[in-house]
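Working notes, beginning with the structure itself.
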Number of protein chains: 2
Amino acid sequence: MLEANADWAARFPGSKPVRPAREVAVVACMDARMPLFGLLGLALGDAHVIRNAGGVITEDVIRSLTISQHLLGTREIVLVHHTQCGLQSTDDVAFADLVEQSTGRRPPWAARAFSDVDDDVRESIRLIQESPYLLSRQVRGTVYDVDSGRLREVE
Amino acid sequence: MLEANADWAARFPGSKPVRPAREVAVVACMDARMPLFGLLGLALGDAHVIRNAGGVITEDVIRSLTISQHLLGTREIVLVHHTQCGLQSTDDVAFADLVEQSTGRRPPWAARAFSDVDDDVRESIRLIQESPYLLSRQVRGTVYDVDSGRLREVE
């Protein structure tokens with residue numbers, strides 16, 4: 001990665017302001033098949049990108065969104081969940097069992113597994129709309145198809 | 001973004017497995033100036049990407065790394081912090097004051113502000129090495145210079 005970065009630095013397009021130009025924060029899954037700048041058409045400096053397992057709304061995501069809005073001026077949120085998520089292949093109890101068997105310790109937090117991706121997007125929208133710390137709750141939810149590269153909005 | 005995605009889908013390179021090809025999970029800041037696939041030379045499907053404000057190690061990052069390792073086979077962790085982070089321009093008390101003044105509610109969680117970026121990378125490495133839920137604690141920490149595009153490793 002350090003070697004590949006030398007190529008990037010050689011063609012580096014230049015500095016950008018710390019405040020996202022499009023005033024958007026994207027919340028997405030950590031999935032390796034989603035290069036978000038490419039698949040959303042984002043340019044350098046356009047949007048904050050927050051990612052975790054599942055792209056679910058946790059306290060840490062609310063912390064990040066609160067900083068994004070209060071300190072750095074974003075006012076819209078875009079959620080990107082996706083097809084064939086690893087969190088659809090397990091459930092919270094089975095995952096805690098797996099970790100306990102391998103490490104001897106049972107995690108006190110839930111994996112946040114889910115079954116229906118559209119329902120999980122709607123649940124994320126609901127959690128954002130309930131948060132008291134945000135300045136803006138303008139949010140749109142999408143699902144990315146990892147086999148076609150297509151993004152669709154969840155109504 | 002939906003329009004830009006149609007262009008992406010038209011030149012979509014094809015499906016990849018859910019398990020990251022390079023068995024790596026990247027933990028980075030949400031900063032808008034860091035398109036991680038580009039600046040680390042990652043190809044589609046190579047690595048999990050976990051991002052939050054500061055790229056700090058929280059319970060949610062440990063949840064994501066635990067899922068990444070136990071369910072999806074990653075065994076190395078790369079941290080990417082950066083110069084001129086928004087979290088270096090505040091402190092936890094000032095940020096809680098700001099949110100309380102704007103929303104009437106004081107957040108119960110800390111912003112996780114920091115002053116020295118190298119120290120913050122070392123603190124992240126320490127927190128990963130202390131986590132009992134991971135299968136591998138092989139971790140390397142880096143700082144990205146947002147003005148030059150260059151990544152350097154923190155010793």
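Details
- So residue B:74, is it closer than 18 Å to residue B:125 by Cβ and among the β-branched types (Val, Ile, Thr): yes
- Flag if residue B:3 is touching a Gly at 6+ places or on another chain (Cβ under 8 Å) and farther than 14 Å from residue A:37 by Cα: no
- Residue match in segment B:48-61 (condition: crowded, with 21+ Cβ neighbours inside 10 Å, out of contact with any strand residue (DSSP E or B) (no Cβ under 8 Å at 6 or more places or on another chain) and not basic (Lys, Arg)): yes
- Scanning segment A:6-44 for residues that are over 22 Å from residue A:144 (Cα atoms) and either in contact with a Gly (Cβ under 6 Å, 6 or more places away or on another chain) or in contact (Cβ under 8 Å) with a residue 24 or more places away in the chain (or both) turns up A:8, A:9, A:12, A:13, A:16, A:17, A:18, A:19, A:20, A:21.
- Residues that are basic (Lys, Arg), within 7 Å of chain A (Cβ to nearest Cβ) and part of a helix (DSSP H, G or I) do not occur anywhere in segment B:98-107.
- Qualifying residue in segment B:77-97 (condition: closer than 29 Å to residue B:45 by Cβ and charged (D, E, K, R)): no
- If you go through segment B:132-155 and keep only what is under 17 Å from residue A:2 (Cα atoms) and buried (at least 18 other Cβ atoms within 10 Å of the Cβ), you end up with B:139, B:141, B:142, B:143, B:144, B:146, B:149, B:150, B:151.
- Residues satisfying the stated conditions in segment B:115-145, i.e. within 24 Å of residue B:76 (Cβ to Cβ), of a type outside the set (Gly, Ala, Ser) and in a loop (DSSP other than H, G, I, E, B): B:132, B:133, B:134, B:135, B:137, B:145
- Near pairs, Cβ below 9 angstrom, 6+ apart or cross-chain, from segment B:114-133 (under 17 Å from residue B:92 (Cβ atoms)) to any residue that is in a helix (DSSP H, G or I) and among the charged types (D, E, K, R): B:114/B:120; B:114/B:123
- Among the strands (runs of 3 or more DSSP E) confined to segment A:1-95, the ones with at least 3 residues that are modelled with pLDDT of 95 or more and within 7 Å of another protein chain (Cβ to nearest Cβ) are located at A:47-52.
- Residue B:57 of a type outside the set (Asp, Glu) and farther than 23 Å from residue A:47 by Cα: no
The values are calculated or read from the model by the stated rules, or taken from the named source; none is laboratory data. Computed from a predicted structure; not experimentally measured. Cβ: placed from backbone, ideal geometry, glycine included. Neighbour counts: every protein chain shown.
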